[in-house]
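Down below is the structure, laid out as structure tokens.
What follows draws every value from the coordinates through simple rules; no lab data is involved. Because the structure is a prediction, the values reported are computed rather than measured. Please note: Cβ atoms are built from the backbone with ideal geometry, for glycine as well, and neighbour counts cover all protein chains shown.
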Amino acid sequence: MIKSRLSVYLEPELMAALAAYADRRERSRSLIAEAAIASFLSPDADEQREAALSKRLDRIERGMARLERDLGIAVEMTALFVRFWLASTPPPSEAVRAAMRKQAGDRYDAFLDALGRRLAKGPKLRQEILEDVPAPEAEADSDPVDLRKD
């Protein structure tokens, strides 16, 4: 089978890249260009791009699901802590509140330091929580610290 001749004009940068690639592969420039044109015109190219795009979208979707799960854990943990703290801590008197305001900045800074150490070292809370484990109905009713308002 006799091949047909084709003359094309390439930008100097593209021609240099083609020459370098052909030299690295020890193939002719014509063979590399022919393979590139065949790949571009192949109907499989569209399917390959679609498969690659699908794979990327699936990875993004899994990442979003993990973020949603982590956010849900953080919100529930914060709500449970606040409910427990409010239920177990009596409101302070006005004199005690005035004294506490003076210490609030130092206590907050200590909290941020502790949080920073925890985030730097790990393990993260989300890693300690089991995934996909449904809570048994019988145990949910016997929770000694159930602060939910029904």
inquiry  = Can you give the local net charge around Arg62? Use residues other than it whose beta-carbon is closer than 12 angstrom to its beta-carbon, Lys and Arg +1, Asp and Glu -1.
reply    = +2
key: Charge dipole magnitude, Cβ of K and R +1, D and E -1 - segment 1-47, Cα centre, debye nearest 20   = 340
request  = Report, in debye and to the nearest 20, how large the dipole of segment 1-98 comes out about its Cα centre when Lys and Arg carry +1 and Asp and Glu carry -1 on their Cβ.
outcome  = 220
remark   = Rounded to the nearest 0.05, FRET efficiency between Ala98 and Thr78 (Cβ-Cβ, R0 25 Å) equals 0.40
message = At 0.36 nm per residue, and after removing the present C-alpha to C-alpha distance, how many nm does the segment from Arg5 to Glu128 gain when stretched out fully?
response = 37.7 nm
